[in-house]
Amino acid sequence: MSEARFRKAARPFATAFAFAAISLACAGTPASLGPREPAAYDANDRIDYSATECGAQVLIFLPLMTNDRVARAMALIEQRAGDRYIANVRLRERWTYLVFGEILCTDVVAATYGPPKTGEPPPATDTGR
């Protein structure tokens with residue numbers, strides 16, 4: 001097969017590969033921010049955790065680590081919180097414009113509450129609604 005025929009035959013495959021790569025760059029991970037299940041917690045045992053995750057948008061067309069910023073930040077908070085109850089999640093989006101694109105950052109702050117202590121009055125309860 002001549003080189004010209006090979007290039008002509010490979011063109012649709014290269015186009016399909018480029019389209020697939022671009023569409024995969026736009027795929028993101030959904031993040032759950034609310035309570036996962038009803039839980040009893042000690043409202044007096046509150047610790048706030050925060051996490052920041054960033055990504056870049058190059059020339060408006062190429063997202064780099066932008067679509068799952070919230071999920072990554074929530075995973076960090078869940079790791080830090082351990083078995084504590086996560087509530088009152090707050091999000092803040094910020095961006096910085098650059099010559100070649102922009103930097104996108106997500107700040108997540110969540111209040112966490114410890115489990116109820118024994119021998120105390122009934123703790124606060126979240127029914128998940």
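The values are calculated or read from the model by the stated rules, or taken from the named source; none is laboratory data. Fair warning: this is a prediction, and the values are worked out from it, not measured in the lab. Please note: Cβ atoms are built from the backbone with ideal geometry, for glycine as well, and neighbour counts cover all protein chains shown.
Each residue in region 49-68 was checked for being of a type in the set (Val, Ile, Thr) and surrounded by 15 or more Cβ atoms within 10 Å (Cβ to Cβ), and 2 pass. Could you list, in sequence order, all residues of region 83-122 that are modelled with pLDDT of 90 or more and of a type in the set (Gly, Ala, Ser)? GLY101, ALA110, ALA111, listed by residue number. Checking VAL108, VAL70, VAL89, VAL99 one by one, the residue that is among the aliphatic types (A, V, I, L, M) and assigned to a loop (DSSP other than H, G, I, E, B) is VAL99 and no other.
Of all residues in region 70-112, exactly one satisfies the criterion of being farther than 15 Å from LEU33 by Cα, among the hydroxyl-bearing types (Ser, Thr, Tyr) and touching an Asp or Glu at 6+ places or on another chain (Cβ under 7 Å), namely THR96.
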